[in-house]
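For reference, the structure is listed below as structure tokens.
The values are calculated or read from the model by the stated rules, or taken from the named source; none is laboratory data. Computed from a prediction, not measured in an experiment: that's the story for all the values here. Here the Cβ is made from the backbone with ideal geometry for all residues, glycine too, and neighbour counts use every protein chain on show. Please note that ligands, DNA and RNA were not included when accessible areas were found on the heavy atoms of the full protein model with its side chains. Shrake-Rupley method; radii C 1.70, N 1.55, O 1.52, S 1.80 Å.
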Amino acid sequence: MENIVNVNLNGEVYTITDRTPFPLLLSEYLYEGDFDLMMVDLKEKKDFINECKTLKVLMDNIPGINSNFITSPFIFNDFLSYMEEFNIKINDFNHVSLNGLIDIVLDRADKKDFDIVKKILYFTLDIDSNFAPAYELLGSILIEEGNFEDGKKSLEKAAKIDPWNIAALSELGEAYFNLKEYDKAAEIWKKEIELAPNNYVTYFMITDAYMEVDKYDKAANILEKFLNRFPKSILGKFQLSNIYKELSRNIEAEGLLNEILNSIPEYESDIEIWTKLMIENNKNKTVIKFIEKFIERSENNEHFKLLLVIPYFKSGEIEKAKKIFKNLKDEYSWYIYGLKDSFNAVLNKDELKELELI
């Protein structure tokens, strides 16, 4: 222990050491700032309690002593060293909250500090072996590192402890999918949409899993349920139309395509596929009218202007098409790359040359 400074408060001298911040750290990250509850839990640790009493006086008399300047950054190895120095064991904790540690984990995971994140998570599970969020996060990290088997086991544990853990179910389904266990992935994701039926993307993930094993009837059933809930989804209708074709249900497939061609997108995620189908069916003026209005009321979606290039060309507004492409090609090269097949399929060689695409 190293003395840093002596503080005289009303004639009483209080010594600040390198250990003094620890009770504040422990309170912040394991007791949600409840200093008194922490002292009750650790009342048998006399050195620690004395440090707490000193710190409480300092906190009452010195502004900012309990600020982030004291509690940040969180250095886990130092935290463990302080615990050892005060002889605090994990089984000494009775009323802790693990949310503070999870907040640290989320922050460090975003920065890809996986080694320290895993240490904190294992420490968290030593405190509470039934803490589902820790298993869920651990599983997610293990999978991101490529350890699918251990990641899967951790996510299964999270889902078993907390069957309502939507994130765990979503990631567990993804783990099975990556392991090519497509039926299992689909079953997990079906549990997810039972709990969260508005999880739009999950229906398509289930569909993809069934299509991987040529179970088109089951894929169709999932998308039929999806369209019952989201009847204006153009992407859902398009996907289901393709599946109906695989099942030789051609009249139903054609009916869905006609619905798409006589509608306008309700969801932003439908705009690209709708535009593609409309262009393929020579409905260029309808596309121009919709996209122009959409861009007017949506300032943050400038890249959608590129969807006007083909219909402008096909409607004879060539200079407009070239101007949009020229103005946006550098900033949105990633988006143009995604549209490349559409350009190649619809524009002739002369038009592609004018856009410098060949």
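Residues that are touching a Ser or Thr at 6+ places or on another chain (Cβ under 6 Å) and open to solvent by 20 Å² or more (accessible area, probe 1.4 Å) within segment 300-324 are absent altogether. Within segment 325-344, the residues that satisfy the criterion of being open to solvent by 70 Å² or more (accessible area, probe 1.4 Å), of a type in the set (D, E, K, R) and over 22 Å from GLU280 (Cβ atoms) are LYS326, ASP330, GLU331. Of all residues in segment 88-100, those satisfying the criterion of being surrounded by 13 or more Cβ atoms within 10 Å (Cβ to Cβ) and more than 33 Å from the chain's Cα centre (by Cα) are ILE88, ASP92. The set of residues in segment 28-37 being without any contact (Cβ under 8 Å) to a residue 40 or more places away in the chain and buried (at least 21 other Cβ atoms within 10 Å of the Cβ) is empty. Would you mind stating whether PRO197 is under 19 Å from the mean Cα position of the chain (by Cα) and crowded, with 20+ Cβ neighbours inside 10 Å? No. If you go through segment 220-266 and keep only what is closer than 24 Å to ALA345 by Cβ and aromatic (Phe, Trp, Tyr), you end up with PHE238, TYR244. Checked against the criterion of being out of contact with any Ser or Thr (no Cβ under 8 Å at 6 or more places or on another chain) and open to solvent by 20 Å² or more (accessible area, probe 1.4 Å), the candidates TYR82, TYR135 yield just one match: TYR82. Close contacts from segment 81-97, counting a first residue that is closer than 11 Å to GLU44 by Cβ and assigned to a helix (DSSP H, G or I) and a second that is open to solvent by 70 Å² or more (accessible area, probe 1.4 Å) and not aromatic (Phe, Trp, Tyr), with Cβ to Cβ under 8 Å and a gap of 6+ residues or different chains, come to ASP92/GLU44. Going through (1) over 30 Å from SER263 (Cβ atoms); (2) at pLDDT below 95 one by one, GLU187 falls short only on (2).
Listed by first and then second residue, the pairs with beta-carbon distance under 7 Å, at least 6 apart or on different chains, first residue in segment 130-145 and under 16 Å from LYS119 (Cβ atoms), second among the aromatic types (Phe, Trp, Tyr) and open to solvent by less than 40 Å² (accessible area, probe 1.4 Å), are ILE141/PHE114; GLU145/PHE114.
For every residue, the table says whether it meets (1) crowded, with 21+ Cβ neighbours inside 10 Å; (2) of a type in the set (Val, Ile, Thr); (3) at pLDDT below 95; (4) over 30 Å from ASN281 (Cβ atoms).
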{"site": "LYS152", "(1), (2), (3), (4)": "yes, no, yes, yes"}
{"site": "TRP164", "(1), (2), (3), (4)": "no, no, yes, yes"}
{"site": "LEU172", "(1), (2), (3), (4)": "yes, no, yes, yes"}
{"site": "TYR176", "(1), (2), (3), (4)": "yes, no, yes, yes"}
{"site": "THR207", "(1), (2), (3), (4)": "yes, yes, no, no"}
{"site": "ILE234", "(1), (2), (3), (4)": "yes, yes, no, no"}
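Looking at segment 221-318, the helices (runs of 4 or more DSSP H) lying wholly inside it that each contain 2 or more residues that are touching a residue at least 40 places away in the same chain (Cβ under 8 Å) and out of contact with any Phe, Trp or Tyr (no Cβ under 6 Å at 6 or more places or on another chain) sit at 271-280. What are the residues in segment 101-126 that are within 15 Å of SER27 (Cβ to Cβ) and either surrounded by 18 or more Cβ atoms within 10 Å (Cβ to Cβ) or in contact with a Phe, Trp or Tyr (Cβ under 6 Å, 6 or more places away or on another chain) (or both), if any? Correct list: LEU101, ILE104. Checking each residue in segment 269-299 for being within 20 Å of VAL201 (Cα to Cα) and touching a Ser or Thr at 6+ places or on another chain (Cβ under 8 Å) picks out ASP270, TRP274.
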